[in-house]
Amino acid sequence: MKKKIIMIGLISFVLLLAACQKDNQTESNDHTNQSDQTTSDEMESGEETDEAGNNSSPDTGDMEDTSDEEEADDQSNDSDKESQDASNVKEENFSSEQEAIDAVGDYETVEQTNTDLGYGMKALTEGAAGHEYVSWNEGKWLFVIDFPLDSQYAIDEYEDGTDMAKSIVEYLERHMLPPPEQRGVVKISGFKDSAETTIRWQKGKTVYEINHQANDPMETLEIAVDYESNN
């Protein structure tokens with residue numbers, strides 16, 4: 001009887017020990033799984049933070065490089081424009097100042113006027129053989145516009161010669177042409193098949209000339225204005 005009791009007690013002890021070992025193993029597995037899950041969550045969180053950081057924090061170095069490149073391009077474009085404007089201006093030297101003055105040619109003082117161009121400027125407007133001529137003086141400059149009376153032959157930018165003359169006067173209120181010492185002449189053709197602007201002015205023994213074929217004479221005037229500001 002005593003042996004039986006001992007055997008039962010021994011069996012119970014073995015079963016209890018086995019149960020405790022199983023519980024410990026289960027608890028260890030749960031702890032391991034929880035640790036792995038935490039590590040995985042941290043990694044995912046780190047990736048999201050990195051992605052967010054990349055999106056919200058652009059590389060300022062690249063932006064600065066781009067800004068520098070754009071500034072360099074602008075400076076290069078300005079330099080190219082100045083070079084192009086200078087190349088459009090021709091110089092011719094004469095042995096005397098009077099020869100240079102005479103070489104400007106076609107200069108006159110407009111004494112009779114019949115057209116108000118605004119800003120105190122008065123012009124003479126005449127029509128002959130399909131042409132409208134508008135001429136006026138501004139300082140030492142003479143301006144002469146040759147515009148077709150028939151609009152089908154005219155450039156599209158202006159209604160007539162008077163409209164073009166008023167636009168030129170308004171432009172020169174804000175911009176300055178090179179000041180001639182004695183004479184300067186601007187001749188403009190408003191015919192679409194032969195649209196052209198020629199600017200000639202004298203300084204000392206030198207005559208400067210710009211000849212530009214463009215529908216809008218403002219493009220040629222702008223070349224002269226830029227040349228004056230850069231010299």
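Computed from the coordinates by the stated procedures, all read-outs in this text should not be read as laboratory data. From a predicted model like this one, the values you see are computed outputs, not experimental measurements. Cβ placement follows ideal geometry from the backbone for every residue including glycine, while neighbour counts extend to all protein chains displayed.
Descriptive notes on the structure:
- Segments 216-229, 114-127 sorted - mean Cβ within 10 Å per residue, highest first: 216-229, 114-127
- Local electrostatic count, G105, Cβ distance below 13 Å [Lys/Arg +1, Asp/Glu -1]: -3
- For region 107-113, backbone phi angles converted through the Karplus equation (6.51, -1.76, 1.60; θ = phi - 60°) give residue-by-residue couplings of 8, 7, 9, 7, 8, 9, 10 Hz, Gly and Pro being listed as x.
- When +1 charges are put on Lys and Arg Cβ atoms and -1 charges on Asp and Glu Cβ atoms, the dipole computed for region 90-229 relative to its Cα centre reaches about 420 debye.
- Mean separation of Cα contacts under 8 Å (6+ apart) over length of region 131-171, as relative contact order %: 33 percent
- Pairs spanning more than 20 Å between alpha-carbon atoms, out of K122/K203; K90/K192; K140/K187; K90/K122; K122/K166: K122/K203; K90/K192; K90/K122.
- Largest to smallest principal axis extent of the C-alpha atoms in region 90-229, angstrom: 45, 31, 30
- Rg/Rh ratio calculated on Cα atoms of region 162-211 (Kirkwood radius): 1.02
- Close amide-amide hydrogen proximity is noted between T115 and A123, T125, each under 5 Å apart and 5 or more residues distant or on a separate chain (H modeled in the peptide plane; Pro and chain starts excluded).
- Region 182-224: proportion of alpha-carbon pairs further apart than 11 angstrom, %: 61 percent
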